[in-house]
Every structure is written in structure tokens, then in C-alpha cells.
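Take a look at the structure below.
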Amino acid sequence: MNLDFSVLNEYVPYIMKGTAVTLLFTLVSALFGFIWGTVLSLFKISNIQPLRWFATVYTSIFRGTPLLLQLALIYYATPQLFNYDISPLMAAGLAFGLNSAAYLSETIRGGIMSVDRGQREAALSLGIPYRTMMFSIILPQAVKNILPALVNECIALLKESSLVSVIGVEELMRRANVVGADTFRYFEPLVFVGAIYYILVLMLTFVARILERRMRRSD
């Protein structure tokens, strides 16, 4: 079949450096997406109509347009509109974080609504401020309820990180293409990178199961 994985021997360290970039990008995007998604979910259940309107329109826009388009707009339009030379990695983290927040806002809102309403009423009757009640009582339980969905979003971010190669971020996919161009053999580096993605997803799933078990024990 004309396969020779030995051509990758001298390129393995180069490809493996892309793993760190991919993991860092995924972590930053997931963290930013979770924080901003939480804010958007609070907007959606707020009694202030402009906040609800903003969160609804935001979610509609980012869920209704391709992620690749959002990535290209942020990377190429930022220098033109704001005269700021944004780095590829920053543009990618911003685009993925903003996009992820749109999806997570609905997930987190569902988690908040799944918490027994009696707990809110009891907290308010005890004079606990709304902010304290939400961040100390409601949100921790909501996160526990939606943990599988949060893990799925992190896995999706990890796999979709290959899209950032189109703007020059040297993550795994970009490095695989560089090796392919250098060796004139694309199958081997792509399969190698695919195996790395698969292992990373398995590791993330394993960590999520451990967290889920610990949360169940704490009930």
C-alpha cells in the first residue's frame, strides 16, 4: 500500500509540539466560553428585558452562522475595523470562545431551570442576596446536572480546533500539513495526528468520568 511511517521519525517532536498548542487553545476557549455562556444564561432568565433581548439575539447570530466564517471575520476584520493586528491564536480563542458561549448559554440555562425552585424560594426567604444564592447554591447544582453536556462541548472544541489551521495557527492539523508538504506524504502524518486527537478525547472523557463519580459521591 506504499505506506512508510518511518518518514515521521524526525518530525515526531515537531508534531507533538502542536499538542500543547491544541490543548492550550481548547482550555482557554472552553474557559472563556463557560464564563461568557454563564453570563448569557443569567441574562436570559433576568427580569430585565434588554438583557434577555441581547442574549437571545447573540445566541441566534452565533448559532446561525458557520464557525469558520466567525473565525475569518475576527481574524481578517479586526485589523481593518480597529487597526489592531490580532494574532492568529488570539483570534482563534476569541472566535471559539464566543461561539461556544452561545451554545453553552442554553445548556447552562437548562441546568439552572432544572434546580428545584423550592431552593430559590427558601434562599430568598432567608434573606440571601440573589447573587450569593445564584453563585453559591444554584449554579453549583446546575453544573453538576449538565456536566456531561459540558464535557461534550469540550470534546467538540478539541476536535474543531483543527479549523484554526486555516489562519496559520500551528496546532496539530497545521503541523501535519507542513510535514506532508515537506515529505510529499500526507497519509502518514494525518493518521498520526488523528491518533493523537483520539487519545486526547479518550483522556478528556476519562477525567470527566472521574469528576462525575466524585460529584455523585458528594450528593
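Here, each number is a calculation from the coordinates, and none is a lab measurement. Keep in mind the model is a prediction, meaning the values are calculated, not measured. No Cβ is skipped: glycine too gets one built from the backbone with ideal geometry, and neighbour counts run over all protein chains shown.
Taking a ≥ b ≥ c as the square roots of the eigenvalues of the alpha carbon gyration tensor, the chain is oblate, as a/c is not under 1.5 and a/b does not beat b/c.
Hey, fewest Cβ within 10 Å first, where do T22, T65, T107, T59 land in order? The partial results should precede the final answer.
Values: T22 27, T65 13, T107 19, T59 22.
Ordered from fewest to most neighbouring Cβ atoms within 10 Å, T22, T65, T107, T59 come out as T65, T107, T59, T22.
Computed over the stretch 5-217, relative contact order equals 28 percent, with contacts defined as Cα pairs under 8 Å that lie 6+ residues apart.
The distance linking the stretch 167-219 with the stretch 1-24 is 12 Å (Cα centroid to Cα centroid, whole angstrom).
In order along the stretch 178-188, phi translates into HN-Hα couplings of 5, 5, x, 5, 6, 9, 6, 9, 9, 4, 4 Hz, rounded to whole numbers, per the Karplus curve 6.51 cos²θ - 1.76 cosθ + 1.60 with θ = phi - 60° and x for Gly and Pro.
Inter-label distance, L73 to S114: 3.1 nm, where each label sits 7 Å from its Cα along the C-beta direction. Derived scalar couplings between HN and Hα for the stretch 19-36 equal 5, 5, 5, 4, 5, 4, 4, 5, 4, 5, 5, 5, 5, 5, x, 5, 5, 5 Hz in order, rounded to whole Hz, by the Karplus curve 6.51 cos²θ - 1.76 cosθ + 1.60 (θ = phi - 60°), x for Gly and Pro. Using R0 = 25 Å, the C-beta based FRET efficiency linking I196 and R63 works out to 0.30.
Taken along the Cα-to-beta-carbon direction at a fixed 7 Å, the label points for L204 and K159 span 1.0 nm. Let's test the formula: R0 of 35 Å, r as the Cβ-Cβ distance of K17 and I137. What FRET efficiency results, to the nearest 0.05? It comes to 0.20.
Mind sorting F54, F96 by how few other Cβ atoms lie within 10 Å of their own Cβ, fewest first? It would help to have the intermediate numbers written out before the result.
On the way: F54 15, F96 27.
Least to most surrounded, the residues fall as F54, F96.
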